[in-house]
Amino acid sequence: MKVLGTAAAKIILFGEHAVVYGYPAIAVPVSTIRAAASVELFQSSQSTELQIFAQDINQWISLDDPHEDGLSASIQRALTLLGFEPAGASATIHSDIPLASGLGSGAAVTAAFARAVSLASSHYMNAETLNAIVYETERIHHGTPSGIDNTVIVYEKPIYFRRGYEIEPIRSALPLMLLIGDTGISAPTKESVADVRRLYENNPSQIEPILNQIGQIAESSRALIESGDLIRLGRNMNDNHRLLQELTVSSTSLDQLADAACVAGALGAKLSGGGRGGNMIALVQPDTRQAVSEELLRAGAVRVIETMVT
Ligand code: PMV
């Protein structure tokens, strides 16, 4: 019998990069875009191998040959942590989440796969265990991840996250209507995180205050989300974007999309995730949504996805 596991994409609303240094950040799931894995366990006579088919690249994945953004390395690590012997099983993996674009595709694929394996093998796993497994696989690709991606994806709730602290779910007083604009440029988070690290080590007295201000924005944004103050929340997004520019993780296309969104009536806009490419987000209202979406496409977005945070 085939068993299905899925996991949502995510966006970071506030605090990326500073979160690596222990400052708070806010992330929300994007439940309409998902990764899915279906797993079937064979009777021992049928096969003694784990066969994995990656639908999006139309390829069988060998666990001995790490390639395709390290998918096989993630799967290998997840299997080891799950304590699952890869004998006699077949898995198909599919994801609607664009790769290396700040939407958490790697973490979502691993979470979906681990969920399916756990169900197929009747090996019960709680969210905390899954979160720890996905975090470990994130470490293969990102070096020193803060843990925000795996956490928001595994719990699939808006969260206020601070490294080393309890995860705090957030409830929004008003629905937040967000447009996600994709630059179409894939940019590895590992590189932008490493560049910020270099910047920080070379000039801590200049970089520390920027990280601190980003942390304060994340902190105050939580209260604004919980009280429904969308106007000030939008301003916080613009301020957070400017600070990310100072950290050198924005790019011409991200800036163009953020500017275009604001000119077309968005309450605020910023890059989301590692930066340098990938996605940006804009806070809109029902009456500005269409105009902002059209303007983002005119300004070069390859795709615009709408999501609602409730
Ligand atoms: O995976 P991305 O591109 O959404 O970025 C994750 C956010 C960072 O703060 C840049 C890195 C981290 O580990 O928190």
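The values are calculated or read from the model by the stated rules, or taken from the named source; none is laboratory data. Owing to the predicted nature of the structure, the values given are computational and were not obtained by experimental measurement. All Cβ positions, glycine included, derive from the backbone under ideal geometry; neighbour counts span all protein chains shown. Protein only, heavy atoms only, side chains kept; ligands, DNA and RNA dropped before computing areas. Shrake-Rupley method; radii C 1.70, N 1.55, O 1.52, S 1.80 Å.
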### Query
Carbon-plus-sulfur fraction of the accessible area of the chain, 1.4 Å probe, in percent?
49
### Message
To the nearest 20 Debye, how big is the dipole of the chain about its Cα centre, given +1 on the beta carbon of each Lys and Arg and -1 on that of each Asp and Glu?
### Response
420
### Message
Could you tell me the extents of region 130-189's C-alpha atoms along the three principal axes, largest first, rounded to whole Å?
### Response
37, 34, 17
### Query
On average, how much accessible surface per residue is there in the chain, in Å², for a 1.4 Å probe, leaving out ligands, DNA and RNA?
44
### Query
Which value at 222 nm does the chain reach when only helices count, each DSSP H run of 4 or more adding -39,500 (n - 2.57), with the total divided by all residues and rounded to the nearest 500 deg cm²/dmol?
-13500 deg cm²/dmol
### Global form of region 164-310, assessed from the alpha-carbon gyration tensor, a/c cut-off 1.5
oblate
### Message
With a cut-off of 8 Å between alpha carbons and a minimum separation of six or more residues, what is the relative contact order of the chain in percent?
### Response
23
### Task
Mind listing the long-range amide H neighbours of Ile170? Cut-off is under 5 Å, sequence gap 5 or more, other chains count too, H placed in the peptide plane at 1.01 Å from N.
Ile159, Tyr160
#### Entry: DSSP beta bridge pairing in the chain, given as percent antiparallel to the nearest 5
90
### Message
Bin width 5 Å, origin at 0, all Cα-Cα pairs of region 204-245: what percent of pairs per bin?
### Response
6, 25, 29, 21, 12, 6, 2, 0
### Query
Residue by residue through region 4-21, which ³J(HN,Hα) values in whole Hz follow from phi under the Karplus form 6.51 cos²θ - 1.76 cosθ + 1.60 (θ = phi - 60°), with glycine and proline marked x?
9, x, 10, 8, 7, 6, 8, 10, 9, 7, 8, x, 4, 6, 4, 4, 5, 9
### Query
Can you work out ³J(HN,Hα) from phi for every residue in region 172-184, in order, using Karplus 6.51 cos²θ - 1.76 cosθ + 1.60 and θ = phi - 60°, giving whole Hz and x for Gly and Pro?
8, 5, 10, x, 9, 9, 10, 10, 10, x, 9, 5, x
### Task
Pull up all non-local amide H partners of Gln59: gap of 5 or more, or a different chain, and H-to-H distance under 5 Å with H placed in the peptide plane.
Ala54
### Isotropic mean projected area of the C-alpha convex hull, region 29-177 (nm²)
9.6
## Note on the structure
Quick calc: nm separation of the 7 Å Cα→Cβ label points for Asp96 and Arg303 -> 0.9
### Query
Could you give the dipole magnitude of region 200-310 about its Cα centre, charging the beta-carbon of Lys and Arg +1 and that of Asp and Glu -1, in debye to the nearest 20?
180
### Query
Using modelled amide H (1.01 Å from N, peptide plane; none on Pro or chain starts), what sits under 5 Å from the amide H of Ile11, excluding residues fewer than 5 places away?
Val28, Val30
### Message
Rg and Dmax in Å for region 120-234, alpha carbons only: what are they?
### Response
17.0, 52
### Query
What do you get for Rg/Rh over the chain if you use C-alpha atoms and the Kirkwood form of Rh?
0.99
### Query
Using the Karplus equation 6.51 cos²θ - 1.76 cosθ + 1.60 (θ = phi - 60°), what ³J(HN,Hα) coupling, rounded to whole Hz, does each residue of region 238-254 give in order, writing x for Gly and Pro?
4, 5, 5, 4, 4, 5, 5, 4, 4, 7, 6, 9, 7, 7, 4, 5, 5
### Query
What FRET efficiency would be calculated for the residue pair Thr144, Asp255, taking the C-beta separation as r and a Förster radius of 35 Å, to the nearest 0.05?
0.85
